[in-house]
Each structure stands twice: as C-alpha cells, then as structure tokens.
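Written out below as structure tokens is the structure these notes cover.
The values are calculated or read from the model by the stated rules, or taken from the named source; none is laboratory data. Values in this document were obtained by computation on a predicted structure and should not be read as measured data. Cβ: placed from backbone, ideal geometry, glycine included. Neighbour counts: every protein chain shown.
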Amino acid sequence: MTDRLAELYRQLLIEIGEDPDREGLAKTPERAARALRDFTRGYQQDVPTVLNQAIFSEQFEDMVVVRNIELYSLCEHHLVPFFGSAHVGYLPNGRIVGLSKIARLVEMFSRRLQVQERLTHEIAHALQGAIEPRGVAVVIEAKHLCMMSRGVEKQHSSMITSCVLGEFRENRATREEFFNLVRR
Ligand code: ZN
C-alpha cells in the first residue's frame, strides 16, 4: 500500500528543485511522513484516554507544581517547530492526578498543529475540567523556529504565555507563589 503522505513529500521534494531519487533522499519521503505523523499524533488522543485511571481522591490542599515539562510542537502558521518547556500548577480540591499524566497532557496538545497561546489554554482547561481543582496555572516558554530562522531573525528571543484559572486568577499571593516556584 502506498503511503499518501510519503507520496506528497516526494512531490514536495520535486517542487523545491530536488531529485527525490538521489541516494540521500531515497527514503526521505517515508521518513518525513513518519516524522510528521509523530509530530501530530496528539490528534489520535483525547483527555480521558490520557488521564485514564490516574485520578485519585486525596485530601491534599497545597499547591502542586510540575516544572520544566519539555515540549515540542508545530506552529500552525508555518509548520515549523516551536519548543521549550511548560510549568503546570494546580490547587487540589479532593482529587489529584498522577504527575506523569500532566506531562502526557502537555505532550498530547503539543503534538498537534498549534499556536502557543492556544496550547497554554488547552492544557489549563483540560486539567481544570478533569479534576476540578480550586485553580490551575500554566506557563509556557518556547522558542519558535519560524521567528528564529527567518523573517526578523531574533535568535535568542523566546515567547512566554500563561493561563491562570480559579484561585490563581483571584488571589495574587497564590499566583505569585506559583510564579516564584517556576522561575527559579
Ligand atoms: Zn510560525
């Protein structure tokens, strides 16, 4: 069976003036197709599946923070990568979620075509919906290849986005506690 995505990559190589039959490119369409499927595998997942069986009842009230979750995503405007890290915090309300699941949630939304602003919101609202905590905070710091390597060529700039919900939004001290924890 021919892989339609691989065939499209082959056409793309021709379109940019390459010879898809030269040795170095012979397997590139298949490899590129696999890579793109990997970069977009988040479309095959949803929140309930990712968080499956990992929500626990627990009377723990203090802030939970997971820092430096690596993320790799694709900018939906240029189809080139943006990458960086996410920091996620929440205030439990009788339920907690396995820490690795928070990383998997970041992963799932990252592996789709994204803009950083929406990615930040989607992670926050997914966690809010799943365990209904007293609040959620998400910060993402990322570098965008579309910005670094073309156009304005600001190679060292990164973009920071945040989404704060519930007590993180209402309570300044809570919000500052979170930002202090993730900044160090
Ligand atoms: Zn872009």
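Details
- Selection of region 61-75 for residues being outside any strand (DSSP E or B) and surrounded by 14 or more Cβ atoms within 10 Å (Cβ to Cβ) yields only 63.
- Here residue 78 passes the criteria (1) assigned to a loop (DSSP other than H, G, I, E, B); (2) touching a residue at least 12 places away in the same chain (Cβ under 8 Å); (3) touching a helix residue (DSSP H, G or I) at 6+ places or on another chain (Cβ under 7 Å); (4) away from the ligand (no atom under 16 Å from the Cβ) except the one numbered (4).
- Neighbours by Cβ (under 8 Å, 6+ apart or cross-chain): first from region 29-48, under 12 Å from residue 109 (Cβ atoms) and in a helix (DSSP H, G or I); second at pLDDT 95 or above and aliphatic (A, V, I, L, M): 42/108; 47/105; 47/108; 47/126
- Scanning region 161-182 for residues that are of a type outside the set (Gly, Ala, Ser), away from the ligand (no atom under 16 Å from the Cβ) and closer than 17 Å to residue 115 by Cα turns up just one, 163.
- Among (1) outside any helix (DSSP H, G or I); (2) buried (at least 22 other Cβ atoms within 10 Å of the Cβ); (3) within 16 Å of the ligand (Cβ to nearest atom) - the single one residue 89 does not satisfy: (3)
- When each of 4, 111 is tested for being over 14 Å from the mean Cα position of the chain (by Cα) and basic (Lys, Arg), the lone residue that passes is 4.
- Odd one out for residue 40 among (1) farther than 19 Å from residue 129 by Cα; (2) surrounded by 14 or more Cβ atoms within 10 Å (Cβ to Cβ); (3) touching a helix residue (DSSP H, G or I) at 6+ places or on another chain (Cβ under 9 Å): (3)
- Test: residue in region 142-150 that is among the hydrophobic types (A, V, I, L, M, F, W, C), farther than 26 Å from residue 35 by Cα and surrounded by fewer than 19 Cβ atoms within 10 Å (Cβ to Cβ): no
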